[in-house]
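**Student:** Before we start, here is the structure in question, set down as structure tokens.
Read-outs: derived from the displayed coordinates by stated rules, not from any lab. Just so you know, these numbers come straight off a predicted model, no measurement behind them. When we count neighbours, we look across all protein chains shown, and the Cβ atoms used for this are built from the backbone with ideal geometry, even at glycine.
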Amino acid sequence: MKNYEKELELLLEILKIHKKFGSGTFNGLITLLNDKEMLKKYENILTSIDKLSNKKKSDELNRKKISIKEKLIQIATSDKRRGDLLYLFYDKLMAKEWFPTQKQLVGFGVEAGVILKGKSRDKNVSKIMETLLLLPESQLLELKARFEVSSENDRSLENWSDIIFDKNSFKKHNSTI
């Protein structure tokens, strides 16, 4: 004998709804369901609802994707040196020590072959990190050396003010007088 648990559960729900809305509403619904045009509209609505629920399921799967930090942890456990390098990149990029402006970050992304469309730094750094995760240790070391050299060429406002006011030579000049 076939198990009808779901069908009985549905019937109980229909009875609850019948009690809530009354017999007149249910008779009107039966009349509407007998109309072929209305039945077609209901089918379209149910199809749309089904598509939306499938989209929600795919969105949940996307959220379950492994985050950058989790990937960094995985790499660090298997290859400590490479993991440390990638952590360094992530920390320096997020702290704005490398490519402090969004424009510089996007410029680096283009140079690295990554098109950054995110509005936030977090999203753009994550996208860059996805690319860096694929690079071997030797290329990461080359990039690190390049970044460290470019960060020495500090073009910040503080550095420019030091240059303009030549603070060190000003102090030396005053001590000789």
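**Student:** With the cut-off at 28 Å, tell me which of the pairs Lys92/Lys119; Lys6/Lys41; Lys117/Lys144; Lys51/Lys71; Lys51/Lys103 have Cα atoms farther apart than that.
**Tutor:** Flagged as over cut-off: Lys51/Lys71; Lys51/Lys103.
**Student:** OK, next. Within 10 Å of each candidate Cβ there may be at most 11 other Cβ atoms; applying that plus a DSSP loop requirement, which trypsin sites (Lys or Arg not before Pro) in the stretch 84-126 survive?
**Tutor:** Answer in residue order: Lys117, Lys119.
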